[in-house]
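Trainee: Sharing a structure with you now.
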Amino acid sequence: MFEKMFQDKVAVVTGGANGIGKTIAEEFARAGAHVCIIDIQDNPYFVGNLAEKETLHAFADKVIADYGRVDYLIHNALPIMRGIEDCTYEEFEYAQRVGVTAPFYLTKLFLLYFAKDAAIVNISSSRDRMSQPNTESYTAAKGGISALTHALAVSLAGRVRVNSVSPGWIDTAFTVYTGPDATQQPVQRVGNPLDISNMVLFLCSDKAGFITGENICIDGGMTRQMIYHNDYGWTLNES
């Protein structure tokens, strides 16, 4: 679909060592891009903690020294998930530093180096609009990056397009589910990382040149599905 579309472009992917980020990085590389990954886990480009200001500076310096520009910046790194009952002050703050502060500051560090027609894609979550109990640190970070998306889109108008993608249930091992796990979703299946990477690459392409400030939810329709007790086979178990 995107074969050679991004030939010799420079794509920066945070959290690109595993899961959705790894697939995004692989798809950019397959499309001809030079991919610069930063992750706390081992990867071919840069290992470091995005929560640390010094790490962000070192990473940005390396990208600019190696390539001199950034065409696409994908903020994908995963904040920790802790809840109101067990989350410490430090853990909550850490989640925001990874999930919101790092995307803001890394964008700032690259501000003078974005190429013509550059694009930023932030990976949020369907949890930016819905929640499970005891997920506050993660949910707050994902809500923050959704809001950061439209703020940056306005601030960088005419220079960089900025959008976000909010995944629903994405199985990063590409497991194929059957039964209720699949059929509960309007599209009748669980998502996989290609569902997200395809949208990310589209949003970076010139085919999306009139799209900025948007948050696109890719969740198989789950956030559009209203559920009531005894409706469509759903029963509330209060035991």
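The values are calculated or read from the model by the stated rules, or taken from the named source; none is laboratory data. In this text, all values refer to a predicted model and were calculated from it rather than measured experimentally. Methodologically, a virtual Cβ is constructed for each residue, glycine included, from the backbone with ideal geometry; neighbour enumeration extends over all protein chains shown.
Trainee: I'd like the residue in the stretch 80-97 that is touching a helix residue (DSSP H, G or I) at 6+ places or on another chain (Cβ under 7 Å) and part of a helix (DSSP H, G or I) and, out of all such residues, is nearest to residue 115 (Cα to Cα). It would help to see each step written out before you state the result.
Mentor: Step one: of the stretch 80-97, the residues touching a helix residue (DSSP H, G or I) at 6+ places or on another chain (Cβ under 7 Å) are 80-84, 87, 91-92, 95-96.
With part of a helix (DSSP H, G or I) added as a condition, the list becomes 91-92, 95-96.
Details: 91: 35, 92: 34, 95: 30, 96: 28 Å.
Ranking the qualifying residues of the stretch 80-97, first place goes to 96.
Trainee: Test of understanding: among 29, 102, 65, 118, which residue is among the aliphatic types (A, V, I, L, M) and over 19 Å from the mean Cα position of the chain (by Cα)? Talk me through it step by step, then tell me what you get.
Mentor: Working: 29 fails: over 19 Å from the mean Cα position of the chain (by Cα); 102 fails: over 19 Å from the mean Cα position of the chain (by Cα); 118 fails: over 19 Å from the mean Cα position of the chain (by Cα).
Of the residues listed, the single one that is among the aliphatic types (A, V, I, L, M) and over 19 Å from the mean Cα position of the chain (by Cα) is 65.
Trainee: Select from the stretch 104-125 the residues that are closer than 24 Å to residue 88 by Cα and buried (at least 19 other Cβ atoms within 10 Å of the Cβ) and list them in ascending order.
Mentor: 124, 125 - these are the residues of the stretch 104-125 that are closer than 24 Å to residue 88 by Cα and buried (at least 19 other Cβ atoms within 10 Å of the Cβ).
Trainee: If I go through the stretch 202-239 residue by residue, how many of them are aromatic (Phe, Trp, Tyr) and at pLDDT 95 or above?
Mentor: Taking the stretch 202-239 as the starting set, the residues that turn out to be aromatic (Phe, Trp, Tyr) are 202, 210, 228, 232, 234.
Next cut, at pLDDT 95 or above only: 202, 210.
Count: 2.
Trainee: Another question, if that's okay. Could you please tell me which pairs satisfy a Cβ distance under 8 Å, a separation of 6+ or placement on different chains, a first residue in the stretch 81-101 that is free of Cβ contacts under 8 Å to residues at least 12 places away in the same chain, and a second residue that is among the aromatic types (Phe, Trp, Tyr)?
Mentor: none
Trainee: Among the candidates 168, 158, which residue alone is under 25 Å from residue 192 (Cα atoms) and of a type outside the set (Phe, Trp, Tyr)? Step through it out loud before you land on a result.
Mentor: Working: 158 fails: under 25 Å from residue 192 (Cα atoms).
It is 168.
Residue by residue, here is whether (1) modelled with pLDDT under 95; (2) farther than 24 Å from residue 225 by Cα; (3) touching an Asp or Glu at 6+ places or on another chain (Cβ under 8 Å) holds:
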| residue | (1), (2), (3) |
| --- | --- |
| 137 | no, yes, yes |
| 148 | no, yes, no |
| 152 | no, yes, no |
| 159 | no, yes, no |
| 172 | yes, no, no |
| 186 | yes, no, no |
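Trainee: How do the pairs read when you match residues in the stretch 7-18 that are free of Cβ contacts under 8 Å to residues at least 40 places away in the same chain with residues anywhere that are surrounded by fewer than 20 Cβ atoms within 10 Å (Cβ to Cβ) and among the charged types (D, E, K, R), using Cβ under 7 Å and keeping only pairs 6 or more apart or on different chains?
Mentor: So the pair list comes out as 17/42.
Trainee: To continue, here is another question. How many residues does the stretch 33-79 hold that are assigned to a loop (DSSP other than H, G, I, E, B), loosely packed, with under 15 Cβ neighbours inside 10 Å and of a type in the set (Gly, Ala, Ser)?
Mentor: 1
Trainee: Kindly evaluate residue 2 against the criterion of being under 21 Å from residue 160 (Cβ atoms), more than 18 Å from the chain's Cα centre (by Cα) and either touching a residue at least 40 places away in the same chain (Cβ under 8 Å) or crowded, with 20+ Cβ neighbours inside 10 Å (or both).
Mentor: Details: under 21 Å from residue 160 (Cβ atoms): yes; more than 18 Å from the chain's Cα centre (by Cα): yes; either touching a residue at least 40 places away in the same chain (Cβ under 8 Å) or crowded, with 20+ Cβ neighbours inside 10 Å (or both): yes.
So residue 2 passes the test.
Trainee: Residues that are buried (at least 24 other Cβ atoms within 10 Å of the Cβ), in a helix (DSSP H, G or I) and among the aliphatic types (A, V, I, L, M): does the stretch 155-162 have at least one?
Mentor: no
Trainee: With the requirement that a residue be in a loop (DSSP other than H, G, I, E, B), buried (at least 17 other Cβ atoms within 10 Å of the Cβ) and among the hydrophobic types (A, V, I, L, M, F, W, C), what does the stretch 170-224 give you?
Mentor: Hit for the stretch 170-224 is 190, nothing else.
Trainee: Also, quick follow-up: Yes or no: residue 234 closer than 20 Å to residue 79 by Cα and aromatic (Phe, Trp, Tyr)?
Mentor: Details: closer than 20 Å to residue 79 by Cα: no; aromatic (Phe, Trp, Tyr): yes.
So residue 234 does not fit the description; no.
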